[in-house]
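Working notes, beginning with the structure itself.
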Amino acid sequence: MRLVKLEANSVNFPDPETALQDPNGLLAIGGDLTAPRLLSAYQYGVFPWFEPGEIILWWSPDPRAILVPGERHVSRSLKRFMRKMPFHFTLNQQFEKVIRACAMQREDGTWIGPLVQRGYQELHEAGRAHSVEVWEGNELVGGLYGVSVGGLFCGESMFSRRENASKAALMVFCQHFSRNGGELIDCQVLNPHTASLGAREIPRRQFLQQLSELSHRALAPDCWLPQDLSPHDEDLPVFPKDRE
């Protein structure tokens with residue numbers, strides 16, 4: 001296994017199975033964050049992650065963290081909160097504000113620098129990067145963003161300025177995504193926050209196989225149109241069976 005330097009005139013990536021074991025999943029360096037290269041990366045099961053001002057690093061870790069929308073975990077406390085919460089939710093109405101807020105959320109610094117923000121904004125304008133916004137009145141208090149690849153959504157980051165805002169955003173998005181034909185959410189690397197919401201790890205090879213199968217899946221035509229999102233759609237159970 002060797003680290004590959006990406007060519008300037010090609011958006012192709014090496015086989016993710018050739019990624020380094022240490023550090024886990026490092027596959028390639030260099031390239032750029034233009035929309036075509038970013039989209040190609042996600043279609044390969046690869047994502048960028050690097051410190052601002054340093055060379056771009058591309059990753060495909062093993063195992064991979066995923067969330068099946070129907071397996072999302074809603075604790076009793078979160079369910080009680082969502083029944084009485086003061087929030088409302090929208091889709092693709094303030095992408096730029098969401099990604100900027102995700103960058104500002106990290107007190108210890110962030111990888112979501114200006115270069116990253118421009119790249120994903122370009123991808124959003126191409127109709128492939130999407131945001132969920134959480135509002136308290138007219139104030140943006142939470143949200144998430146990521147990239148769509150057919151029936152798979154690659155989650156990138158989330159932020160919360162109110163208790164449970166990002167958790168509620170993910171729960172409502174899972175419902176919307178599933179109702180429109182989506183089947184899998186890529187969480188990249190498991191952490192306590194996503195694990196508490198039902199994310200789990202699978203082998204990279206299994207993830208890549210599911211990515212291949214889902215990348216050509218067509219969703220409902222209006223899935224990604226700017227719209228309000230409701231946590232109480234009548235045609236889908238709002239929450240799975242109550243469990244801690």
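The values are calculated or read from the model by the stated rules, or taken from the named source; none is laboratory data. As the structure is a computational prediction, the values presented were derived from the model and not from experiment. Note that each Cβ is placed from the backbone with ideal geometry, even for glycine, and that neighbours are counted across all protein chains shown. Ligands, DNA and RNA are excluded from the accessible area calculation, which covers all protein heavy atoms including side chains. Shrake-Rupley method; radii C 1.70, N 1.55, O 1.52, S 1.80 Å.
Observations on the structure shown:
- Apportionment of accessible area to carbon and sulfur, region 1-107, percent (1.4 Å): 48 percent
- Neighbour net charge for residue 165 - beta-carbon separation under 12 angstrom, K R +1, D E -1: -1
- The GNM of the chain, with springs linking C-alpha atoms under 10 angstrom apart, assigns the highest mean-square fluctuation among 168, 220, 35 to 220.
- Mean sequence separation of contacting Cα pairs (under 8 Å, at least six apart), scaled by the length of the chain, corresponds to a relative contact order of 24 percent.
- Solvent-accessible area of region 124-185 (1.4 angstrom probe, protein heavy atoms only): carbon and sulfur portion equals 38 percent.
- Taking Cα atoms only, the orientation of helix 204-214 departs from the longest principal axis of the chain by about 70 degrees.
- The accessible-area ordering, largest first, of the residues 186, 62 stands as 62, 186, per a 1.4 angstrom probe.
- Rounded to 10°, Cα long-axis angle of helix 165-179 versus longest principal axis of the chain: 80 degrees
- Degrees, to the nearest 10: 35-44 long Cα axis against longest axis of the chain: 90 degrees
- For the residues 113, 45, 155, a GNM of the chain with alpha-carbon springs under 10 Å puts the largest fluctuation on 113.
- Segment residue 73-residue 104, length gained on full extension (0.36 nm per residue, minus Cα span): 8.4 nm
- Theoretical FRET efficiency, 1/(1+(r/R0)^6), r = Cβ-Cβ of residue 10 and residue 202, R0 35 Å, to 0.05: 0.75
- Residue-level accessible surface for residue 111, protein heavy atoms, 1.4 Å, Å²: 40 Å²
- Area accessible to solvent at residue 97, 1.4 Å probe radius, in Å²: 110 Å²
- In this structure residue 179 has an accessible area near 100 Å², from a 1.4 Å probe over the protein heavy atoms.
- Surface per residue (accessible, 1.4 Å probe) for the chain, Å²: 48 Å²
- Pairs of Lys residues in the chain are counted when their Cα atoms are under 23 angstrom apart and they lie 8 or more places apart or on different chains; the count is 6.
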